[in-house]
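One structure is given below, encoded as structure tokens.
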Amino acid sequence: MPYAPTPHVLVDTDGPVTIVTLNNPEMRNAFLDDMHEAMQEIWLHLSADDSVRAVVLTGAGKAFSAGGNIPGFIRDYEDPDHRRLSLRGAKRLMDAMAEFPKPLVAAVNGAAVGLGCNVALGADLVLIAESAFMADTHVSIGLVAGDGGAACWPFYMSMLKAKEYLLLGDRIPAHVAVELGLANRVVADDELMTEALKLAHRLAALPRQAVQETKRALNIHLQHAINMVAPFALSAEAESFATDDIRRTIEGFKQPK
């Protein structure tokens, strides 16, 4: 029986490949608290399971992940203890994905925004559907881009491009994501999971020690960046919650639709 940490994170198997699905489609797979906690924990479990040789990460429904959910965001604003736990959890999630030794393929089936975007970029290879897009909109709502963008995006693209897309928060269409280095290739929507599984099975068939330790060596670069940048970025993100910009964002979220 596959490990199932919460109904909001589904785990299935296809031989040596494990499929992890973010499963909150009614909210475009926005991260509820239990999803966030499960995603911090699942990588250690999959690492310890010798039957798992590679992993595919995707989202249920039409989105990969919308990132943070609005009720949780409001609670972070109103409850400093919850905010502290959320931001510590963000660092643990970055660390857990960077430390995960097995090959991980992201199948970005739809919008990947904010935290959702940076979770997708925690993978080793990223396939993105033609209709999908990425964006990190932290700054546009008044938050420092603390949970991965500031630390890792300069590894994937030029520093100038990282600044452009993190500061402006513009949508990055699938083909532009590939051009920038945020994804490996664009795949037709209806072929995404087939191609992701095919790629994961290729990775699963490679010599175990060679593929895992090559990944570890490469991820040392990312881990150093996370350890150097994330503590400041997350601390600054916490400070964002005391600004008038966030107060106005929260008031907008609370307005009846």
Only helical DSSP H runs with n ≥ 4 go in: add -39500 (n - 2.57) per run for the chain, normalise by residue count and round the 222 nm mean residue ellipticity to 500 deg cm²/dmol. -16500 deg cm²/dmol
Principal axis dimensions, largest first and in whole angstrom, of the stretch 103-241 by Cα: 46, 34, 24
Given the options GLU179, GLU130, GLU191, which has the most mean-square fluctuation in a GNM of the chain, springs set between C-alpha atoms less than 10 angstrom apart? GLU191
May I ask you to derive the relative contact order of the chain, considering only C-alpha pairs under 8 Å and at least 6 residues apart, and to give it as an integer percent? 20 percent
For the chain, what is the charge dipole size about the Cα centre, in debye to the nearest 20, if Lys and Arg each add +1 at the Cβ and Asp and Glu each add -1 at the Cβ? 340 debye
Quick check: pseudo-label points 7 Å beyond the Cα along Cα→Cβ at GLU99 and THR13, how many nm apart are they? 2.5 nm
Across every pair of different alpha-carbon atoms, what Kirkwood hydrodynamic radius in Å does the chain reach? 18.3 Å
Can you tell me the FRET efficiency between SER140 and ASP79 if r is taken as the Cβ-Cβ distance and R0 is 25 Å, rounded to the nearest 0.05? 0.60
For the chain, with +1 on Lys and Arg beta carbons and -1 on Asp and Glu, the positive-most of ALA90, VAL11, ILE246 along the dipole: ALA90
Added length on full extension, which subtracts the Cα-Cα distance from 0.36 nm per residue, ASP245 to ILE220: 5.4 nm
Output wanted: per-residue J couplings in Hz (rounded whole) for the stretch 78-94, from phi through Karplus 6.51 cos²θ - 1.76 cosθ + 1.60, θ = phi - 60°, x for Gly and Pro. 8, 10, x, 5, 5, 4, 4, 5, 4, 6, 5, x, 4, 5, 4, 5, 4
Set the Förster distance to 45 Å, then compute FRET efficiency between HIS45 and GLN255 from the Cβ-Cβ distance, nearest 0.05. 0.65
Going by how many other Cβ atoms sit within 10 Å of their own, how do CYS117, CYS152 line up, fewest first? CYS152, CYS117
Given LYS62/LYS163; LYS91/LYS161; LYS161/LYS198, which pairs have Cα atoms separated by over 26 Å? LYS62/LYS163; LYS161/LYS198
For all pairs of alpha-carbon atoms in the stretch 89-161, what percent lies in each bin of width 5 Å, listed from the first bin to the last filled one? 3, 15, 24, 28, 20, 8, 1, 0
Can you give me the C-alpha center-to-center distance between the stretch 149-228 and the stretch 27-50, rounded to a whole angstrom? 19 Å
Stick to the Cα atoms of the stretch 1-128, pair each with every other, and give me the Kirkwood hydrodynamic radius in Å at one decimal. 14.6 Å
Label point distance in nm, LYS163-GLU130, each placed 7 Å from Cα along Cα→Cβ: 3.6 nm
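Where a number appears in this text, it was derived from the coordinates with a stated rule and is not lab data. Source: prediction; values computed, not measured. Reconstructed Cβ throughout: ideal geometry from the backbone, glycine too, with neighbour counts over all protein chains shown.
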